[in-house]
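Input: a single structure, listed below in structure tokens.
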Amino acid sequence: MTLESLGNNSSSIPSTFLLSGIPGLEHIPFWISILLCVTYLVSILGNCMILFIIKTEPLLHEPMYLFLCMLALTDLGLSLCTLPTVLAIFWVGAQEIRHDACFAQLFFIHCLSFLESSVLLSMAFDRFVAICRPLHYASILSNTVIGRIGLASLGRSVALIFPLPFMLKRFPYCGSTVLSHPYCLHQEVMKLACADIKANNIYGMFVIVSTVGIDSLLILFSYALILHTVLSIASRSERFKALNTCVSHICAVLFFYTPMIGLSIIHRFGKQAPHLVQVVMGFVYLLFPPLMNPIVYSVKTKQIRDRVTRAFCY
């Protein structure tokens with residue numbers, strides 16, 4: 001029995017969805033699973049390393065590194081909430097997931113994704129204050145303010161994503177139950193509903209615009225102000241030094257927003273796009289930022305690079 005025919009047999013699995021692997025590559029799941037396992041292992045260990053270094057180094061207890069801790073925790077959460085279903089598919093062929101478990105997974109995936117967008121915006125604000133208001137840096141970004149920013153970011157993400165599982169739970173699912181990814185996403189689940197999903201579409205667009213849309217515009221605006229300030233610095237070496245402190249954050253922004261926006265566009269407007277493109281974009285969206293952020297910050301941040309070098313040398 002094929003995956004699609006099993007998915008269409010709603011009487012045999014009335015309360016489950018079927019997760020998919022990578023189309024066209026089902027004949028080599030072992031090698032795919034090894035690659036995915038290594039990717040997850042590197043991302044988890046990398047983010048744990050960032051957290052450990054910042055916690056054990058008193059000199060790194062500064063606003064920039066506290067925001068980096070938030071980013072590492074968010075990336076760690078994203079890796080852990082997708083790891084079980086992805087590896088279960090490729091290792092033991094466990095493709096079924098109950099509706100409630102699927103709704104819970106998509107809640108955490110989307111909540112952590114939008115939380116990462118907020119953290120990246122906070123890090124842009126940190127760079128703006130450090131470069132444009134250096135004399136007031138410590139007073140503006142005190143530990144209390146950073147804590148409030150973190151709580152506000154978490155509260156916004158939870159409040160916006162909290163309705164999604166309940167909006168999906170009210171739908172009947174009487175047709176195909178096969179999802180396009182090895183994890184649950186709101187855009188995919190709502191397409192399987194045997195009901196009008198207009199409200200979900202509108203609310204989903206509202207969430208994206210009010211988080212990713214606004215955050216990305218504010219990040220661009222902050223860097224416009226940073227660039228204006230940097231260009232007014234007389235010394236070329238000082239200009240380079242100021243801009244160099246932003247490189248890691250710019251990379252993190254590109255790693256996150258590029259695949260996320262691309263996946264959203266494909267889901268909503270690229271219906272003719274090959275299914276493999278959607279699956280690959282989904283993997284890039286959830287795996288690439290947690291994998292690359294620790295690497296970039298370890299390479300570009302001298303304090304972290306020196307700490308990692310000492311750990312391997314001794």
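If you go through region 147-165 and keep only what is buried (at least 18 other Cβ atoms within 10 Å of the Cβ), among the aliphatic types (A, V, I, L, M) and under 19 Å from residue 61 (Cα atoms), you end up with just 149. Looking at region 95-117, can you tell me whether even one residue there is within 30 Å of residue 171 (Cα to Cα) and modelled with pLDDT under 85? Within region 95-117, one or more residues are within 30 Å of residue 171 (Cα to Cα) and modelled with pLDDT under 85. Comparison of 151, 112 shows that the only residue that is in contact (Cβ under 8 Å) with a residue 24 or more places away in the chain, more than 20 Å from residue 17 (Cβ to Cβ) and part of a helix (DSSP H, G or I) is 112. Please verify whether region 223-246 includes one or more residues that are touching a Pro at 6+ places or on another chain (Cβ under 6 Å), surrounded by 13 or more Cβ atoms within 10 Å (Cβ to Cβ) and at pLDDT 85 or above. Scanning region 223-246 turns up no residue that is touching a Pro at 6+ places or on another chain (Cβ under 6 Å), surrounded by 13 or more Cβ atoms within 10 Å (Cβ to Cβ) and at pLDDT 85 or above. Return the residue satisfying two criteria in turn: it lies in region 130-168 and is over 26 Å from the mean Cα position of the chain (by Cα) and of a type in the set (A, V, I, L, M), and of such residues it is farthest from residue 249 (Cα to Cα). The residue in question is 135. Residues that are in contact with a Cys (Cβ under 9 Å, 6 or more places away or on another chain) and either at positive phi or β-branched (Val, Ile, Thr) (or both) within region 68-102 comprise 85, 97, listed in sequence order. Listed here are the helices (runs of 4 or more DSSP H) enclosed by region 187-253 that have at least 2 residues being under 27 Å from the mean Cα position of the chain (by Cα), of a type in the set (Gly, Ala, Ser) and more than 13 Å from residue 127 (Cα to Cα): 198-208. Looking only at residues in region 67-82 that are surrounded by 20 or more Cβ atoms within 10 Å (Cβ to Cβ) and either touching a strand residue (DSSP E or B) at 6+ places or on another chain (Cβ under 8 Å) or aliphatic (A, V, I, L, M) (or both), which one is nearest to residue 285 (Cα to Cα)? Filtering region 67-82 for residues that are surrounded by 20 or more Cβ atoms within 10 Å (Cβ to Cβ) and either touching a strand residue (DSSP E or B) at 6+ places or on another chain (Cβ under 8 Å) or aliphatic (A, V, I, L, M) (or both), the one nearest to residue 285 (Cα to Cα) comes out as 78.
Of the residues screened, residue 206 is not one that is under 30 Å from residue 159 (Cβ atoms), in contact with a Pro (Cβ under 6 Å, 6 or more places away or on another chain) and hydrophobic (A, V, I, L, M, F, W, C).
Hey, among the residues in region 84-95 that are of a type outside the set (S, T, N, Q) and buried (at least 20 other Cβ atoms within 10 Å of the Cβ), which one's nearest to residue 120 (Cα to Cα)? Among residues in region 84-95 that are of a type outside the set (S, T, N, Q) and buried (at least 20 other Cβ atoms within 10 Å of the Cβ), the one nearest to residue 120 (Cα to Cα) is 86. Going by what's in this entry, would residue 59 be described as in a helix (DSSP H, G or I) and modelled with pLDDT under 90? Yes, satisfied.
The values are calculated or read from the model by the stated rules, or taken from the named source; none is laboratory data. Small disclaimer: the values here were computed from a predicted structure and weren't measured. Don't worry about glycine lacking a Cβ; one is built from the backbone with ideal geometry, like all the others, and counts go over all protein chains shown.
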